[in-house]
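What follows is a short report on a single structure.
The values are calculated or read from the model by the stated rules, or taken from the named source; none is laboratory data. Bear in mind that the values here come from a model prediction, so they are computed numbers and not experimental data. All Cβ positions, glycine included, derive from the backbone under ideal geometry; neighbour counts span all protein chains shown. With ligands, DNA and RNA removed, areas are computed over all heavy atoms of the protein, side chains included. Shrake-Rupley method; radii C 1.70, N 1.55, O 1.52, S 1.80 Å.
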Amino acid sequence: MFDTLPETSLIQPFGVQLDLVEGLMENPTRRTERRASAMRGHYNDAAALEKIIEGGDPVHYEVLEVPVPEETGHLMFCISRLFPGTVGDECFMTKGHYHTRVNTGEIYLALRGKGLMMMKTPDGECRWEEFRPGRMVYVPPYWGHRSINTGDEPLVSFCVYPGEAGHNYGDIETEGFPKRAFIRDGSVIVE
Ligand code: S6P
Ligand code: ZN
């Protein structure tokens, strides 16, 4: 009946309830959190980050999932909640990554809050797209991506990406992104 797809596991269909007001996945089976201390090396003002870590090392963001097999054919999905705040005057953000399989894209749907999806190619081209509730952002294959919270409530987004994509954090740690987002005099500045 099916073409042979040996690398794709057959699993049972399932549904997951999302709370679109709070931006929560109800009963996720995996929750990954990154605290401020996981963000060393990513912000401009390293001393300001150390103060936040010394002050209790709060959760910076969390990822809620019901994991499926990380294989071609499956679709990974998650809700990420990035809390509001600044390190110095730089907006809280995720570490960011390329996909290990670089020819895989990703779709983000913003559910709550306000922010940016910052994207870059390995040769340094940089683009960003606004996140606000109901806005979808397409991250094409090859583009590294990082979410940034420019608002004062959690930035919540739902994402979907190919099962085989994987995460490459090392290259982003080495390269950084050409642009950052700051709050100065109450305005969002990208520079
Ligand atoms: C996965 C997708 C998201 C991020 C999450 C956390 O491809 O882009 O699930 O993993 O937003 O960001 P990061 O950069 O720490 O993985
Ligand atoms: Zn991704």
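Counting Lys and Arg as +1 and Asp and Glu as -1, what is the net charge of the other residues whose Cβ lies under 13 Å from the Cβ of residue 110?
Numbers: positive: 81, 112, 114, 132, 135; negative: 129, 130, 153.
Net local charge, residue 110 excluded: +2.
Before rounding to the nearest 500, sum -39500 (n - 2.57) across all DSSP H runs of length at least 4 in the chain and divide by the residue total; then give [θ] at 222 nm in deg cm²/dmol.
Computed ellipticity for the chain at 222 nm equals -2000 deg cm²/dmol.
At 37 °C and a viscosity of 0.692 mPa s, what translational diffusion coefficient does Stokes-Einstein give for the stretch 1-91, taking Rh as the Kirkwood radius over Cα pairs? Give it in µm²/s as a whole number.
205 µm²/s
Accessible area of the stretch 76-137 with a 1.4 Å probe: how many percent of it is carbon plus sulfur? Please report the intermediate quantities before stating the final value.
Working: 1290 of 2510 Å².
C and S fraction of accessible area: 51 percent.
Divide, for the chain, the radius of gyration over alpha carbons by 2.2 N^0.38 Å, where N is the residue count. Could you put the intermediate results ahead of the total?
On the way: Rg = 17.0 Å, N = 191, 2.2 N^0.38 = 16.2 Å.
Working it through for the chain, the quotient is 1.05.
Tell me the label-point distance for the pair residue 187, residue 26, using the 7 Å Cα-to-Cβ offset, in nm and rounded to one decimal.
4.4 nm
Need the C-alpha centroid separation for the stretch 45-100 versus the stretch 139-171, integer Å.
That distance is 9 Å.
I want the local charge near residue 184. Using Cβ-Cβ distances under 12 Å, sum +1 for each Lys or Arg and -1 for each Asp or Glu among the other residues.
Values: positive: 180; negative: 89, 90, 185, 191.
Local net charge: -3.
Please compute the per residue accessible area over the stretch 16-190 with all protein chains in place, 1.4 Å probe, rounded to a whole number of Å². Don't jump to the answer; show the numbers that get you there.
Numbers: 8270 Å² over 175 residues.
Each residue of the stretch 16-190 exposes 47 Å² on average to a 1.4 Å probe.
Okay, which of the stretch 107-124 sit inside 15 Å, backbone N to the point 7 Å along the Cα-Cβ direction of residue 132?
Counting backbone N atoms under 15 Å from the label point, the list is 110-117.
If I build a Gaussian network model for the chain, linking alpha-carbon pairs within less than 10 angstrom, which residue out of 57, 171, 123 has the largest mean-square fluctuation?
123
Which order do you get for 101, 146 if you rank them by accessible area with a 1.4 Å probe, largest at the top?
So, going from the largest accessible area down, we get 101, 146.
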